[in-house]
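Below is one structure, written out as structure tokens, with a few remarks after it.
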Amino acid sequence: MSDSNDDDIPQLSSHTLAALQEFYAGQKQQTDPGGDNKYSIGIIEENWQLSQFWYSQETAFRLAEEVIAVAGEGGRIACVSAPSVYQKLRELHREDFSICIFEYDKRFAIYGEEFIFYNYNNPLDLPEKIAAHSFDVVIADPPYLSEECLRKMSETIKYLTQGKILLCTGAIMEEAAAKLLGVKMCKFIPKHTRNLANEFRCYVNYDSGLDSEI
């Protein structure tokens, strides 16, 4: 009987090893995407446990166009829990505005200094570098359809914005949104990559191009 137990250790076939290498490469791509795909919507997958549902390409583009127009040349845009809009903004390769992404999910830290860790339960727990009323427009998408979530996130929104707000949330939140942020529902209806049970709408507190579309 041999002193070595090597013969008892199962050996992976070359096919299995190749499959494992492909799997781990895919996992790395999800956690550390780079190159031209870095800002593609879906490169970081939705985490349903965090109530993440990405916008469709068309909706993300329309919302990105809207906040660019509102911010103006050299403007500052805050994306609060709206990562797919941030990604679309950066995918456009525009350099005439600046953006910050406020997000709880640390996978988005791949975006470097533009990523700001954010927990809506601590609405004003923000880095010192984020000054009050330092963004021309804030686009926000609260993760939960509850008045508590919207109320806490409203504190963040009002702290960040110089005045203009674009809120994306459920139609059932219309009354609470008007009370907390003074926003009104637009005609434009945002779509997601997956069909959601709740109807989503956009709300603004300024004259918006989103209100000219049905």
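The values are calculated or read from the model by the stated rules, or taken from the named source; none is laboratory data. None of these values were measured; they are calculated from a predicted model. Ideal geometry is used to build each Cβ from the backbone, glycine not excepted, and the neighbour counts take in all protein chains shown. Note: accessible area is taken over every heavy atom of the protein model, side chains too, but ligands, DNA and RNA are not part of it. Shrake-Rupley method; radii C 1.70, N 1.55, O 1.52, S 1.80 Å.
What are the pairs with Cβ atoms under 7 angstrom where one residue, in the range 60-77, is on the phi > 0 side of the Ramachandran plot and the other, located anywhere, is open to solvent by 40 Å² or more (accessible area, probe 1.4 Å)? Sequence gap at least six, or different chains.
Listed by first residue and then by second, the contacts come to GLY72/ASP136; GLY74/ASP96.
For residues that are hydroxyl-bearing (Ser, Thr, Tyr) and without any contact (Cβ under 8 Å) to a residue 60 or more places away in the chain, scanning just the range 156-185, find the one that is surrounded by the most Cβ atoms within 10 Å (Cβ to Cβ).
Selected residue: THR169.
Can you name every residue in the range 117-140 that is crowded, with 20+ Cβ neighbours inside 10 Å and in contact with a Pro (Cβ under 9 Å, 6 or more places away or on another chain)?
The one that is crowded, with 20+ Cβ neighbours inside 10 Å and in contact with a Pro (Cβ under 9 Å, 6 or more places away or on another chain): TYR120.
If the requirement is being under 20 Å from the mean Cα position of the chain (by Cα) and either assigned to a helix (DSSP H, G or I) or modelled with pLDDT of 65 or more (or both), which of these qualifies: GLN21, GLN52, GLN29?
Step by step, each of GLN21, GLN52, GLN29 is checked, and only GLN29 is under 20 Å from the mean Cα position of the chain (by Cα) and either assigned to a helix (DSSP H, G or I) or modelled with pLDDT of 65 or more (or both).
Quick one: how many residues across the range 66-114 are buried (at least 21 other Cβ atoms within 10 Å of the Cβ) and out of contact with any strand residue (DSSP E or B) (no Cβ under 7 Å at 6 or more places or on another chain)?
Count: 2.
If you go through the range 90-105, how many residues are out of contact with any Ser or Thr (no Cβ under 8 Å at 6 or more places or on another chain) and either closer than 13 Å to ALA64 by Cα or modelled with pLDDT of 90 or more (or both)?
Summing the residues that are out of contact with any Ser or Thr (no Cβ under 8 Å at 6 or more places or on another chain) and either closer than 13 Å to ALA64 by Cα or modelled with pLDDT of 90 or more (or both) in the range 90-105 gives 9.
Need the failing condition index for LYS152 against (1) open to solvent by less than 50 Å² (accessible area, probe 1.4 Å); (2) part of a loop (DSSP other than H, G, I, E, B); (3) modelled with pLDDT of 95 or more, just the number.
So LYS152 meets the others, but not (2).
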